[in-house]
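Data block below; observations after.
The values are calculated or read from the model by the stated rules, or taken from the named source; none is laboratory data. The structure displayed is predicted, hence computed values, not measured ones. Methodologically, a virtual Cβ is constructed for each residue, glycine included, from the backbone with ideal geometry; neighbour enumeration extends over all protein chains shown. When the accessible area is computed, the model is the full protein with side chains, heavy atoms only, and any ligands, DNA or RNA have been set aside. Shrake-Rupley method; radii C 1.70, N 1.55, O 1.52, S 1.80 Å.
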Amino acid sequence: MAESEERIPPPIEEDPGDVQEWLTTFSDLTMLLLVFFILLYSMSVPDEKKISTALQAVTAALGGKETSMATSTISQQEAGVILDQVMMNRQIQLAQQKVFSDVKLLQTKKGLEGLVGANFEDGVITLRAPGDVLFARGEVNLTEKGLMIIAEMKDFFIQHPDQTINIRGYTDDQPPPPGSRFKDNWEVSSMRAVNVLRVLMSMGIEPKRLTSTGLADISPLFPNTSEEYRAQNRRVEFVLEKRVFGK
């Protein structure tokens, strides 16, 4: 019996470092969750005083020190910057919603309902005008009807000087006909966007608010499988985003 007892291996002692390792991971996870819920809270209730109080509570709980995480270090200053960005994005969203409500008035009061479509997504407002109304088939100069539509939209743009305007020209998938002075749809869509930009400039829109982009048949609204769908894809879009002054 004594011999068998001697063969019993001694108990394995636990490494104190291994015992504490899970606590570090748990602390990291808790901190990440805390910051995540603060961000959610700030997006739902844009109250600077409440957010500041919450941030101070987090800092106090951490002993006023920087907290090291598995992949990064977040200090009080960095967390404050993140919350400021969230607050700014929230304020831009609310401001753009008000501008979008004015778009509805533009459509009804200016007689553009059914001609100029509007979409609002992630703080970006997109106005969409049919290419076949603005331009003759295969041409890049605005028609009289097109000039009238742009003139009506110009008043709206002047009323909202905080909006940048990216003018995007689109075509369908059919290339210019043989003998056309345009090499391809890239040229057609680009020239249409540029000509709309020039008209807006001549009507008093601030040049630095304007940009133009030709996108040919990229991003069609519908498959180019019928003439009806192709007509929908031939369009000019005005993409409005809020300018942050002083930056």
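Would you point out which residue out of 115, 106 is open to solvent by less than 50 Å² (accessible area, probe 1.4 Å), at pLDDT below 95 and assigned to a loop (DSSP other than H, G, I, E, B)? Give the derivation first.
Values: 106 fails: assigned to a loop (DSSP other than H, G, I, E, B).
Result: 115 is the single residue among 115, 106 that is open to solvent by less than 50 Å² (accessible area, probe 1.4 Å), at pLDDT below 95 and assigned to a loop (DSSP other than H, G, I, E, B).
Inside the stretch 118-132, can you point out the residues that are surrounded by 13 or more Cβ atoms within 10 Å (Cβ to Cβ) and either more than 19 Å from the chain's Cα centre (by Cα) or closer than 16 Å to residue 164 by Cβ (or both)?
120, 123, 124, 125, 126, 127, 129, 130, 131, 132
Return the pairs, sorted by first residue and then second, in which the second residue is assigned to a helix (DSSP H, G or I) and among the aliphatic types (A, V, I, L, M), the first residue lies in the stretch 189-214 and is over 21 Å from residue 131 (Cα atoms) and without any contact (Cβ under 8 Å) to a residue 60 or more places away in the chain, the beta carbons are less than 8 Å apart, and the residues are 6+ apart or on different chains.
So the pair list comes out as 204/158; 205/158; 207/201.
Tally the residues that are among the charged types (D, E, K, R), under 16 Å from residue 240 (Cβ atoms) and modelled with pLDDT under 85, restricting the search to the stretch 80-101. Lay out the reasoning, then the answer.
Filtering the stretch 80-101 for residues among the charged types (D, E, K, R) gives 84, 90, 98.
Narrowing further to those that are under 16 Å from residue 240 (Cβ atoms): 98.
Keeping just the survivors that are modelled with pLDDT under 85 gives none.
Qualifying residue count, the stretch 80-101: 0.
Restricting the first residue to the stretch 95-111 and requiring it to be at positive phi, which pairs with a second residue that is in a helix (DSSP H, G or I) and at pLDDT 80 or above meet a Cβ separation below 9 Å and a spacing of at least six or different chains?
From the stretch 95-111, the pairs are 111/152.
Within the stretch 168-177, is even one residue in a strand (DSSP E or B), modelled with pLDDT of 95 or more and either open to solvent by 40 Å² or more (accessible area, probe 1.4 Å) or out of contact with any helix residue (DSSP H, G or I) (no Cβ under 7 Å at 6 or more places or on another chain) (or both)?
Of all residues in the stretch 168-177, those in a strand (DSSP E or B) come to 168-170.
Those left that are additionally modelled with pLDDT of 95 or more: 168-170.
Pick out the ones that are also either open to solvent by 40 Å² or more (accessible area, probe 1.4 Å) or out of contact with any helix residue (DSSP H, G or I) (no Cβ under 7 Å at 6 or more places or on another chain) (or both) and you get 168.
Yes, that holds for at least one residue.
Out of everything in the stretch 193-210 that is part of a helix (DSSP H, G or I) and either of a type in the set (D, E, K, R) or open to solvent by 60 Å² or more (accessible area, probe 1.4 Å) (or both), what residue ends up being farthest from residue 145 (Cα to Cα)? Don't jump to the end; show me each part of the working.
Residues of the stretch 193-210 that are part of a helix (DSSP H, G or I), as a first pass: 193-202, 207-209.
From the residues that got through so far, the ones that are either of a type in the set (D, E, K, R) or open to solvent by 60 Å² or more (accessible area, probe 1.4 Å) (or both) too are 198, 201-202, 207-209.
Values: 198: 17, 201: 18, 202: 17, 207: 23, 208: 26, 209: 24 Å.
Result: 208.
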